[in-house]
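Contents: one structure, followed by commentary.
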Amino acid sequence: MTQDAIRIDSLKKTYADGKEALKGVDLTVPAGSIFGFLGPNGAGKSTLINILAGLVVKTSGQVKIWGWDQDENPRQSRAAIGVMPQELNLDPFFSPFGALEVQAGLYGVPKSQRRSDEILEMVGLADKRDAYARTMSGGMRRRLLLAKALVHSPQVLVLDEPTAGVDIELRQMLWENVRKLNRDTGLTIILTTHYLEEAEEMCDEIAIINHGQKVAQDSTANMLGQMDAKTLVIVPESDINTLPDAAGIQAEQRDDGTIALNYRARETSAETVLEAVRSAGIRIRDVRTEQAALEDVFLALTSSAK
Ligand code: ADP
Ligand code: MG
């Protein structure tokens with residue numbers, strides 16, 4: 001057991017064409033967590049995932065998977081991780097069972113230790129065990145990719161945009177599978193997404209990446225707590241003597257004479273804040289709101305991800 005399932009230090013990737021996809025990322029993923037890796041298209045999520053998977057060669061920096069350094073212990077670090085890729089790259093000539101057996105062979109899993117049928121059962125493909133790939137729907141193919149990522153019993157499972165372009169039913173099914181895996185086996189799960197709600201619902205902890213740099217990392221609860229922070233700015237009609245005072249509101253006078261009222265939108269309504277202002281005998285000339293810095297970051301990130 002290790003404390004961190006993944007530990008990344010100063011990770012950089014510059015592609016051959018000069019594109020700097022990762023500009024020095026530090027990241028730790030706690031063992032046993034469901035970890036969300038968020039950011040808009042082009043942020044560098046897949047590049048990072050593919051480096052973890054050993055599919056893209058990093059330019060510099062250190063990557064440890066389950067305590068194994070990727071450069072010093074390439075075989076062990078690769079065995080510790082399973083990746084469900086973003087693209088549906090399945091060989092059309094294999095049945096689901098065949099595909100899992102081939103994958104197990106690639107990872108050197110001995111026949112006696114293979115769990116192909118158990119895994120097919122788990123992802124709801126037992127009845128498609130010997131089906132032709134071409135008879136399978138997009139949803140089934142995606143579940144088969146999930147199954148393939150599990151054949152060598154990795155400690156860390158990575159899902160790259162598992163629900164992009166997927167219908168609601170399949171999305172629910174994938175999430176149930178992921179939650180169950182995490183709950184029953186303690187598997188550490190990392191998923192990338194550009195859907196904020198998805199991360200909110202699924203993840204214990206979230207990191208946000210933009211333009212190849214990590215811009216935030218925290219528990220989901222803290223992240224939401226910060227996003228919930230609101231500031232109402234009052235321009236008073238005349239000079240004031242007392243600041244508004246009420247539970248859930250933190251007031252301060254700024255150098256420009258305005259009054260900033262900080263509160264949490266989930267606990268305190270804007271009306272309650274305005275009421276406190278009036279109770280302090282302050283007449284309002286103008287009012288505006290400010291968003292929390294993190295919310296600005298989030299909006300900037302997610303608005304370009306449509
Ligand atoms: P994300 O998964 O967050 O959408 P990617 O990691 O796929 O982001 O891409 C990050 C940046 O690197 C993008 O600007 C993308 O165009 C670029 N990129 C990705 N793969 C390659 C590649 N093989 N060669 C050159 N640039 C690439
Ligand atoms: Mg991607």
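The values are calculated or read from the model by the stated rules, or taken from the named source; none is laboratory data. Owing to the predicted nature of the structure, the values given are computational and were not obtained by experimental measurement. When we count neighbours, we look across all protein chains shown, and the Cβ atoms used for this are built from the backbone with ideal geometry, even at glycine. These area figures cover heavy atoms from the full protein model, side chains too; ligands, DNA and RNA do not enter into them. Shrake-Rupley method; radii C 1.70, N 1.55, O 1.52, S 1.80 Å.
Laid out as a table, the results:
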item	result
All positions within segment 28-52 that are buried (at least 17 other Cβ atoms within 10 Å of the Cβ), of a type outside the set (A, V, I, L, M) and within 12 Å of ligand 1 (Cβ to nearest atom)	37, 39, 40, 44, 45, 46, 47, 50
Sole residue being assigned by TED's automatic domain parsing to the domain that holds residue 26, touching a residue at least 12 places away in the same chain (Cβ under 8 Å) and of a type in the set (Gly, Ala, Ser), chosen from 67, 138	67
Residue within segment 86-95 that is among the aliphatic types (A, V, I, L, M) and not in a loop (DSSP other than H, G, I, E, B) present	no
Per-region count, segment 178-196, residues within 15 Å of ligand 1 (Cβ to nearest atom) and either of a type in the set (Lys, Arg) or not in a strand (DSSP E or B) (or both)	3
Any pair with Cβ under 7 angstrom, 6 or more apart, that starts in segment 37-52 at a residue that is outside the structural domain of residue 214 (by TED's automatic domain parsing) and ends at one that is within 9 Å of ligand 2 (Cβ to nearest atom) and open to solvent by 10 Å² or more (accessible area, probe 1.4 Å)	none
Subset of segment 123-142 [within 28 Å of the chain's Cα centre (by Cα) and either open to solvent by less than 40 Å² (accessible area, probe 1.4 Å) or under 25 Å from residue 50 (Cα atoms) (or both)]	123, 124, 125, 138, 139, 140, 141, 142
Total residues in segment 146-165, condition within 16 Å of ligand 1 (Cβ to nearest atom) and within 14 Å of the chain's Cα centre (by Cα)	7
Some residue of segment 73-86 being free of Cβ contacts under 8 Å to residues at least 12 places away in the same chain and either within 16 Å of ligand 2 (Cβ to nearest atom) or out of contact with any Phe, Trp or Tyr (no Cβ under 8 Å at 6 or more places or on another chain) (or both)	yes
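Every residue, every condition in (1) in contact (Cβ under 8 Å) with a residue 24 or more places away in the chain; (2) over 30 Å from the mean Cα position of the chain (by Cα); (3) surrounded by fewer than 17 Cβ atoms within 10 Å (Cβ to Cβ), yes or no:
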position	(1), (2), (3)
201	yes, no, yes
206	yes, no, no
209	yes, no, no
217	yes, no, no
225	yes, no, yes
255	no, yes, yes
278	no, yes, yes
